[in-house]
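Asker: Structure incoming, see below.
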């Protein structure tokens, strides 16, 4: 579990660095994407929401606030607000590490695995892209 979390974080960081260092100012169109995460009818604070693309190479991420709200940012030309239009699978994770470096999940594990999450979204340019996620056990 630890290697998956760190691997995903490192992959997103490398993508962001490569995009940011390329000197390119042009790239795919980014559209605003906001949403909320709720679990057991309560907002989830401090969760990492990752939109993993099915049609292009630019993932988008966000972190939830105290009301469970998030806003996505993408690694297009460095981290920029928004996401590329298209279809995504979504993961949501909230965890902490014990002093023994053991990862403890605070949400159902299925939401942290792209193949089991069941959460998807299609983002469309010119439309409101408010993605509200209600997590269940």
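The values are calculated or read from the model by the stated rules, or taken from the named source; none is laboratory data. All figures in this text were calculated on a predicted structure; none of them were measured in a lab. As a convention, Cβ positions derive from the backbone with ideal geometry for all residues, glycine included, and neighbour counts pool all protein chains shown.
Asker: Which residue, of 98, 117, 91, 64, is without any contact (Cβ under 8 Å) to a residue 40 or more places away in the chain, closer than 30 Å to residue 26 by Cα and touching a strand residue (DSSP E or B) at 6+ places or on another chain (Cβ under 9 Å)?
Answerer: Criteria check complete, one pass: 64.
Asker: What's the number of the condition residue 77 fails, among (1) surrounded by 17 or more Cβ atoms within 10 Å (Cβ to Cβ); (2) more than 14 Å from the chain's Cα centre (by Cα); (3) at pLDDT 95 or above?
Answerer: Result: residue 77 fails condition (3) only.
Asker: In the list 93, 69, which residue meets the criterion of being within 18 Å of residue 40 (Cα to Cα), buried (at least 16 other Cβ atoms within 10 Å of the Cβ) and touching a helix residue (DSSP H, G or I) at 6+ places or on another chain (Cβ under 8 Å)? Break it down stepwise before answering.
Answerer: Numbers: 69 fails: touching a helix residue (DSSP H, G or I) at 6+ places or on another chain (Cβ under 8 Å).
Step by step, each of 93, 69 is checked, and only 93 is within 18 Å of residue 40 (Cα to Cα), buried (at least 16 other Cβ atoms within 10 Å of the Cβ) and touching a helix residue (DSSP H, G or I) at 6+ places or on another chain (Cβ under 8 Å).
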